[in-house]
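A short write-up of the structure that comes next.
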Amino acid sequence: MTDVVQVTFLPEQLVSEVSRGTTLFVAAHWVDLPIDSTCGGAGTCGRCRVRLSNPDFTIRAVDREWLTRVELSEGWRLACRAEVEEDVECWAPKPLRMPVSAIAGRGRAVKVEPAVKKLPIELEIERAGPRDVLEAQLRKALADAGLGSAVITPQVVQQARDLLAEFGGSITLTICGEHLLCVEAGDTSGRCFGLAIDLGTTTVVGSLVDLTTGEVLAERSHLNRQAVFGADVISRVAYTSGSETRRREIQNAVLETLNQLVIELSDMAGVAEGQVYQAMVVGNPTMLHLLLGVDAQPIARAPFVTTFDEEQDVAASDLGLAIHPQARVQTLPFIGAYAGADTVGGLHATDLLRSEQRRLFVDVGTNSEIALGSSEGVWACSAPAGPAFEGGRIRDGMMASAGAIYRVALGDPVELDVVYGDVPRGICGSGLIQAIAELGRVGLLEPSGRLRRPEEVPDHPLVSRLVEIDGMRAFRLSHDVVLTQVDIREVQAAKGAISTGIAVLLESAGTRIEDLDEVILAGSFGSAIDPASARSLGLVPGVELEKIQSVGNTALEGAKMALLSFRERQRMHGIPSRVRYVELSAMPDFNDRYLTELSFPLEEGP
Ligand code: FES
């Protein structure tokens, strides 16, 4: 018996092929058919009605709550509860309001249907009366809008009463999932914002999004202030070992980073922090444990497990994130101890699990996530690359901000591209990768990672740039920026971890390099990585250049998609169960394999 079943949606005759057990709600969205809903498939709004051709289709308790006996006998069911076990045909009514679309992920059109909703209403002032009467009015307004499952707290009722006294009965209710967050005076439905955050070990990137249009209003990155407690996840976990105070200290450091981002993004976009009602945070499991103040020790020692792996949802004020105090701060689920919400976001944004093509996904960062597969199956692992690619532990390393060299061509003359065209102040990840590849191309670097001495290449046109700095061999890129032998060793170690991860996944999946249809290079600086340089360093396998695509920060794109659409988020929910995770830290021969992956393939050329 095949595991794939067909759902045919009428009247358009759209056919969705899904795994047995998938709900009609999810099946509809794989063929871009919007089914009405305000609860995001939680079974609490009753709006996702569809009519099955087979009236004997399983009836669930929740169907009986929302549908009459006659409707049930006619084949009506709630799409979000109806799991398909065999080929079915059903009729799906069009929602009254078609959502607008925004481009997110890898050029995907995402229908803007955020979990946050604003509902402008008119309260009857003269009938406000005691608390329960006012609450009844709020409840009725929510129920009329299909949001009857929202929880009304006494604080919100009090807010409504205060506004009534001061501004009259015109108010706006803001709801996120089942939380009625707040009541605002007047009609504020045009002002509704969300925050997508990629919480990296070294770099944190935030994106402020208009939840009514899907437009990205501002984007910014910062170094994670936790870096002072250790460059990688293992050292940060070690720092918190057995100490509640240190756990709080490291949590505060990342919150300071995030709150600084919030201030800057709000300024850039002209948005009040109090109008940001939802934050979607992705990151590796350690980063999200440390953000939420949860003990991350079990991640760092065998058998390498997380304390939680499901989506989390907390109030901003409980966490200390300076957006609307009642805003919901949410995360995506994890795949394994070192492949977290960022990997889920990245895999979703690149459609890795939906495509028939066999693709390799490499998200380059301090904790580099790697995945390999297609719709037939996906394997994933995480490689501890260290912070080199984000400028960490590199003598003149820096983020890709003003003054960073991001492209290098070692010709005559040496050409350097610098962010904002400024005077070079340092070098960022993409520049670093290209500089090393270029040193190999012009014959100044050996595959072993050894930088040649001037006396070995006396006639080389760039020999005057081979210098000694603090007793170390180095190559001078500009007046103030050099690349030392130690920097090259750092990159070599990072590259070694990533190529070991790739080799392990190719082996696990039984895939040969020549069978790969595409190699996706992701990361906060991913779109700036030169594919030829990445291949020359061995950061990606030796496939044809046109198969290598640099796609930028897919983790952040995944977070944006989850923020913009509760349906996209629901799809991401199912990703971990479809990925086979390989824990590299648990492999007894990891170190031996790593040592064999250290050399650079290097491509010499004119
Ligand atoms: Fe709300 Fe099904 S009940 S989507």
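The values are calculated or read from the model by the stated rules, or taken from the named source; none is laboratory data. Note that the structure is a prediction, hence the values are computed from the model and not measured. Virtual Cβ from ideal backbone geometry, glycine too; neighbours counted across all protein chains shown. Areas reflect the complete protein model, heavy atoms only, side chains present, ligands, DNA and RNA absent. Shrake-Rupley method; radii C 1.70, N 1.55, O 1.52, S 1.80 Å.
Of the residues A185, S149, V116, the one whose Cα sits farthest towards the positive end of the charge dipole of segment 108-192 is V116 (charges of +1 on Lys and Arg Cβ, -1 on Asp and Glu Cβ, taken about the Cα centre). Between S448 and H479, the contour length at 0.36 nm per residue exceeds the alpha carbon distance by 8.4 nm. What is the distance in Å between the Cα centroid of segment 269-283 and that of segment 208-256? Cα centroid of segment 269-283 versus Cα centroid of segment 208-256: 16 Å apart.
Hey, with R₀ at 56 Å, roughly what FRET efficiency would A238 and E456 work out to, going by the Cβ-Cβ distance, to 0.05? So the FRET efficiency works out to roughly 0.85. Each of P325, G214, P34 was scored by the projection of its Cα onto the charge dipole of the chain, and the greatest displacement toward the positive side belongs to P325; charges sit on the C-beta of Lys, Arg, Asp and Glu.
In this label model, W30 and I469 are separated by 5.3 nm, measuring between points 7 Å along each Cα→Cβ vector.
Note on K118: lysines with a C-alpha under 24 Å away, same-chain residues under 8 apart excluded, are K94, K140, K560. Mean residue ellipticity, 222 nm, helices only, the chain: the sum of -39500 (n - 2.57) across DSSP H runs of n ≥ 4, divided by residue count and rounded to 500, is -8500 deg cm²/dmol.
For C428, the residues 5 or more places off, or on other chains, whose built amide H falls under 5 Å of its own are M398, I405. The mean sequence distance of close C-alpha pairs (under 8 Å, at least 6 residues apart), as a share of the length of the chain, puts its relative contact order at 13 percent.
Between T68 and D295, the FRET efficiency from the beta-carbon distance, with R0 = 41 Å, is close to 0.25.
Positive-end ranking of V467, L432, W66 along the dipole of the chain, with charges on Cβ about the Cα centre, is headed by W66.
When +1 charges are put on Lys and Arg Cβ atoms and -1 charges on Asp and Glu Cβ atoms, the dipole computed for segment 245-297 relative to its Cα centre reaches about 240 debye. Tell me whether the chain comes out rounded, prolate or oblate; compute the Cα gyration tensor, take square roots of the eigenvalues as a ≥ b ≥ c, and use a/c under 1.5 as the rounded threshold. Judged from the Cα gyration tensor, the chain comes out prolate (a/c at least 1.5, a/b above b/c).
Would you mind calculating the gained length between D187 and V305 on full extension (0.36 nm times residue separation, minus the Cα-Cα distance), in nm to one decimal? Could you put the intermediate results ahead of the total?
Numbers: separation 118, 0.36 × 118 = 42.48 nm, distance 4.70 nm.
The D187-V305 span can extend by a further 37.8 nm.
Exposure check, 1.4 Å probe, all protein chains in place: V414 carries approximately 30 Å² of accessible surface.
Would you mind telling me the share, in percent, of accessible area of the chain contributed by carbon and sulfur at probe 1.4 angstrom?
Values: 12090 of 24430 Å².
In the chain, the share of accessible area belonging to carbon and sulfur is 49 percent.
Taking label points 7 Å from Cα along the Cα-to-Cβ direction, W91 and E544 give a separation of 5.0 nm. Using DSSP to call loops (not H, G, I, E or B), can you name the GluC sites (Glu not before Pro) in segment 3-75 whose Cβ has at most 16 other Cβ atoms within 10 angstrom? Counting only loop positions with at most 16 other Cβ atoms within 10 Å, the GluC sites (Glu not before Pro) in segment 3-75 are E12, E74. Distance between the modelled labels on V151 and V133, one decimal in nanometres: 2.8 nm (7 Å Cα→Cβ projection). Taking every protein chain into account, the 1.4 Å probe leaves T68 with about 70 Å² of accessible area, to the nearest ten.
The charge dipole of segment 283-331, taken about its Cα centre with unit charges on the Cβ of Lys, Arg, Asp and Glu (plus for the first two, minus for the last two), comes to roughly 160 debye.
Would you kindly state how much longer the chain becomes between D592 and A61 on full extension, computed as 0.36 nm times their sequence separation minus their alpha carbon distance, in nm to one decimal?
Details: separation 531, 0.36 × 531 = 191.16 nm, distance 5.60 nm.
In short, 185.6 nm is gained.
Could you compute the FRET efficiency for E215 and S355, with r as their C-beta to C-beta distance and R0 at 35 Å, rounded to 0.05? My answer for the efficiency is 0.80. Taking the Cα centre of the chain as reference, the dipole from Cβ charges on Lys and Arg (+1) and Asp and Glu (-1) amounts to some 740 debye.
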